[in-house]
1. Restricted to region 122-146, and to residues that are touching a helix residue (DSSP H, G or I) at 6+ places or on another chain (Cβ under 7 Å) and of a type in the set (D, E, K, R), which residue is surrounded by the most Cβ atoms within 10 Å (Cβ to Cβ)?
2. Note down all Cβ pairs under 9 Å where the first residue falls in region 37-48 and is closer than 17 Å to ALA183 by Cα, the second is of a type in the set (Lys, Arg) and assigned to a helix (DSSP H, G or I), and they're at least six residues apart or on different chains.
3. Name every residue in region 58-68 that is under 14 Å from THR87 (Cα atoms) and either not in a helix (DSSP H, G or I) or not small (Gly, Ala, Ser) (or both), in order of residue number.
4. Would a scan of region 152-166 turn up a residue that is among the hydrophobic types (A, V, I, L, M, F, W, C) and more than 20 Å from VAL200 (Cα to Cα)?
5. Run down ALA138, ALA183, ALA187 and say which single residue is within 30 Å of THR8 (Cα to Cα), small (Gly, Ala, Ser) and out of contact with any Cys (no Cβ under 7 Å at 6 or more places or on another chain).
6. Checking the condition assigned to a helix (DSSP H, G or I) and touching a residue at least 60 places away in the same chain (Cβ under 8 Å), which residue from ALA114, ALA130, ALA92 passes?
7. Yes or no: MET119 buried (at least 19 other Cβ atoms within 10 Å of the Cβ), modelled with pLDDT of 75 or more, out of contact with any Leu (no Cβ under 8 Å at 6 or more places or on another chain) and farther than 23 Å from ALA86 by Cα?
8. Please go through region 153-181 and give me each residue that is farther than 13 Å from PHE94 by Cα and not small (Gly, Ala, Ser), ordered by number.
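The values are calculated or read from the model by the stated rules, or taken from the named source; none is laboratory data. Keep in mind it's a predicted model, so treat the numbers as computed, not measured. All Cβ positions, even for glycine, are placed from backbone atoms using ideal geometry, and neighbour counts span all protein chains on display.
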Amino acid sequence: MKTAPPPTADVRERAVHRSRILNRLTIGWNFAEGVVAVIAGAVAGSVSLVGFGLDSGIEVSAALILGWRLRKEREAGCMSDFDHRATRLIAASFAVLAAYVGVESVRDLVGDSAPEVSMVGIVMAALSLALMPILVRAKRRLAPVLGSRAVDSEANQTRLCALMSGVLLTGLGLNAAFGWWWADPCAGLGIAALAAVEAVRTWRAEALADTCCA
């Protein structure tokens with residue numbers, strides 16, 4: 001089976017430029033989303049909403065890490081070491097989120113802590129659920145061109161954000177529609193589980209061989 005030829009310098013430069021644009025969009029959206037989610041979650045007493053906001057903060061961190069990785073494109077030599085370090089940092093951010101949200105969700109379930117209805121959270125989760133898959137597809141088209149596992153891992157974090165949006169929307173919606181308060185911490189546990197799985201998957205990821213310039 002023939003392998004695809006490596007991208008030309010012009011193609012690669014355009015891919016780096018597009019990746020930087022997507023990176024900035026990710027940072028801007030998730031910063032705003034995180035602030036709104038944490039404030040709304042604190043007001044409503046919603047662990048899933050606060051956890052979602054913290055994930056947005058981690059998403060910003062991952063995007064900043066990726067931005068650092070992309071700046072290394074200007075330097076000559078092998079990119080695999082930079083990719084490896086960036087990927088490990090992204091994996092660590094997943095693990096921190098999983099631990100925090102998991103513990104807080106269990107505490108709320110055991111303590112019968114009922115959150116208030118948050119319409120702000122519902123609208124924000126719905127918007128995120130619509131936007132995130134578009135960003136994921138755009139990022140994943142660029143990863144093979146750049147030969148970057150870090151780009152692919154950051155796209156996975158955006159995909160996780162989309163999944164979390166769906167879980168969050170379900171939990172908030174059930175609480176709003178039926179008063180099922182336990183749906184919120186259960187959604188938090190779902191968010192923690194998704195983050196834990198992604199932490200392990202990202203940590204075990206191997207750097208792509210073609211991140212090195214021949």
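1. In this case the residue turns out to be LYS139.
2. Qualifying pairs under 9 Å: VAL47/ARG107.
3. Within region 58-68, ILE58, GLU59, LEU64, ILE65, LEU66, TRP68 meet the criteria.
4. no
5. When all the criteria are applied, what remains is ALA138.
6. Result: ALA92 is the single residue among ALA114, ALA130, ALA92 that is assigned to a helix (DSSP H, G or I) and touching a residue at least 60 places away in the same chain (Cβ under 8 Å).
7. Against the criterion (buried (at least 19 other Cβ atoms within 10 Å of the Cβ), modelled with pLDDT of 75 or more, out of contact with any Leu (no Cβ under 8 Å at 6 or more places or on another chain) and farther than 23 Å from ALA86 by Cα), MET119 does not qualify.
8. LEU163, VAL167, LEU168, LEU169, THR170, LEU172, LEU174, ASN175, PHE178, TRP180, TRP181 - these are the residues of region 153-181 that are farther than 13 Å from PHE94 by Cα and not small (Gly, Ala, Ser).
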